[in-house]
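The values are calculated or read from the model by the stated rules, or taken from the named source; none is laboratory data. Computed from a prediction, not measured in an experiment: that's the story for all the values here. Glycine also receives a Cβ, built like all others from the backbone with ideal geometry; neighbour counts cover every protein chain displayed. Ligands, DNA and RNA are stripped out before the accessible areas are found, and what is left, the full protein with its side chains, is counted by its heavy atoms. Shrake-Rupley method; radii C 1.70, N 1.55, O 1.52, S 1.80 Å.
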Amino acid sequence: MFENLQDRLGSILNGLTGRGALSEADVSAALREVRRALLEADVALDVVRSFTDRVREKAVGAEILKSIKPGQMVVKVVHDELIEMLGGEGVGIDLHAPAPVVVMMVGLQGSGKTTTSAKIAHRLSTREKKKVLMASLDTRRPAAQEQLRQLGAQANIDTLPVISGQSPTDIAARAVQAAKLGGHDVVILDTAGRTHIDEPLMVEMADIKKRSNPHEILLVADSLTGQDAVNLARSFDERVGITGLVLTRMDGDGRGGAALSMRAVTGKPIKLIGVGEKMSELEEFHPRRIADRILGMGDIVSLVERAAENIDAEKAAAMAAKMAKGKFDLDDLADQLRQMQKMGGMGGIMGMMPGMAGMKDKMAAAGLDDKLFGRQIAIIQSMTKAERTNPDLLKHSRKKRIAAGSGTDAAAINKLLKMHRQMADMMKMMGGKGKGGMMKQMMGGLAGKMGLGGGMGGMGGGMPDLSNIDPRQLEALQKQAEAAGLGKPGGGMPGLGGMPSGLSGLGGAKLPGLGGGFPGLPGLPKKK
């Protein structure tokens, strides 16, 4: 979502940090570029104007121009103002009200209200152990109520039985009553949308609000619609009175202007963002983390959280036991590759690592992309169990069969085997220290750098068991990361072990700072 803006702002601010001294003219020239970059990203004009004015006011002060590192001070001002523009502190869904807490979802047709309603219900039931009831108030769109019922069945969430002929306001009143009788903690009302804002829609929303008395009114907006999303938020807020925003399709290739503008224009917090199609792909919106990503400072806390969700503790323990004996077969390699895919692939992980956002292009040029992982997993899956356990069995005839089965060739199989051999040798050398695999090693390095050590869950000395850390501790990680030097733009990834920088076998494209993060990804092809 923010890649173009990240590249533009990164190059502008890097130009400032590389200088020993700054004049007022230097700051003004940089701010003109920042203004242009924000406008190109579709940020609202009045938001851009107020942002650059605030940055200029602070960035041309005597303490910055005379400080030891004026460029870095300017970056800090831009960073702080970006956080302020996005809303300061993250705000979650407020459930502090007598049960059942009514959450009303509003928005235009096609913005993703129904799917988002199910995602929120899934999040509340799995993470906060709330009993949730969903009700569809959309009597106009064909099969809208059936869609919500199916999503409820898929996520194991209760849905209000459909009674044909009822008006949306009657359904809302029945849903609240059913939630009271059923002992539900939360009731989510999925209202109807239109292709554009019209008077009947607003009247209907106001009537539903009056009948159901919602504690939260969340506007669901498609983040790819740019300035229209901002006007939409303003209209809904004036007529219905929203309490927060949910932005969908944040994993798309939009310019990110809606996300940056909506909080500033409406004064209402962005509470959640949809980052994919799956039920679990809904995240809380943390202004500081988004600002860090936009300025290329990485997002350590989200990376740690994602690892905590995706690293299977039992599998990690089993693999640790195997590796302690120096064993690492092709099944283990496939597990490692799948784990990296779950965490967003190399691109997703790199985007969250401090100073690594700019490495994606170099990785692509070196032939290291997520499709490569898919091909390697396909090769491993085309082998028999005996071949996966003992790769030495793979002679020419077997490789021919595997190549046909995986849609690859013998050269790709040889590269995979070379990569596995080098990794297996490394695991043997590291002995007990290498327990837990690539992802765990990487996260263990980060955790160690931030003073978390390795004994927080007995996961073999690498990645601590973060599932039991309370949210305040996770929030504190960001500050610890910054204190450890992990949050500085262009600062690389210090402290991830002492192995040589770069991923061997990448055809000369060095990725500084990645050294000790992964126990090598050797044998990957050069770009032809």
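Restricting attention to region 207-220, the residues that are touching a helix residue (DSSP H, G or I) at 6+ places or on another chain (Cβ under 7 Å) and open to solvent by 40 Å² or more (accessible area, probe 1.4 Å) total 2.
When residue 230 is tested against the conditions (1) over 30 Å from residue 80 (Cα atoms); (2) touching a residue at least 40 places away in the same chain (Cβ under 8 Å), the lone failure is (1). Within region 111-123, identify whether any single residue is outside any helix (DSSP H, G or I) and more than 16 Å from residue 274 (Cβ to Cβ), and answer yes or no. No, there is no match, as no residue in region 111-123 is outside any helix (DSSP H, G or I) and more than 16 Å from residue 274 (Cβ to Cβ). Report whether or not residue 130 is farther than 30 Å from residue 10 by Cβ and open to solvent by 40 Å² or more (accessible area, probe 1.4 Å). Here the answer is yes, as residue 130 does meet what is asked. Does at least one position in region 300-312 carry a residue that is modelled with pLDDT of 75 or more and open to solvent by less than 20 Å² (accessible area, probe 1.4 Å)? Checking region 300-312: not a single residue is modelled with pLDDT of 75 or more and open to solvent by less than 20 Å² (accessible area, probe 1.4 Å).
Scanning region 88-104 for residues that are open to solvent by less than 30 Å² (accessible area, probe 1.4 Å) and closer than 21 Å to residue 261 by Cβ yields one hit, 88. Only helices (runs of 4 or more DSSP H) whose full extent lies in region 1-77 are considered here, and the ones with at least 3 residues that are modelled with pLDDT of 75 or more are 3-17, 24-40, 45-59. Note on region 173-266: enclosed helices (runs of 4 or more DSSP H) holding 3 or more residues that are within 30 Å of residue 41 (Cβ to Cβ) and among the acidic types (Asp, Glu) are 227-239.
Just one of (1) among the basic types (Lys, Arg); (2) over 15 Å from residue 218 (Cβ atoms); (3) crowded, with 20+ Cβ neighbours inside 10 Å fails for residue 263. It is (2). For region 213-220, does any single residue satisfy the condition of being farther than 19 Å from residue 148 by Cβ and touching a residue at least 12 places away in the same chain (Cβ under 8 Å)? So far as region 213-220 goes, yes, one or more of its residues are farther than 19 Å from residue 148 by Cβ and touching a residue at least 12 places away in the same chain (Cβ under 8 Å). Checking each residue in region 243-273 for being touching a strand residue (DSSP E or B) at 6+ places or on another chain (Cβ under 6 Å) and more than 15 Å from residue 287 (Cα to Cα) picks out 243, 248, 249. On the basis of being open to solvent by 20 Å² or more (accessible area, probe 1.4 Å), touching a Leu at 6+ places or on another chain (Cβ under 9 Å) and not β-branched (Val, Ile, Thr), does residue 23 make the cut? Taking the combined requirement at face value, the residue satisfies it. Whether a residue is among the basic types (Lys, Arg), modelled with pLDDT under 80 and either open to solvent by less than 10 Å² (accessible area, probe 1.4 Å) or not in a helix (DSSP H, G or I) (or both) was assessed, and residue 315 does not pass this test. Within region 33-49, the set of residues being among the small types (Gly, Ala, Ser) and more than 14 Å from residue 262 (Cα to Cα) comprises just one member, 37.
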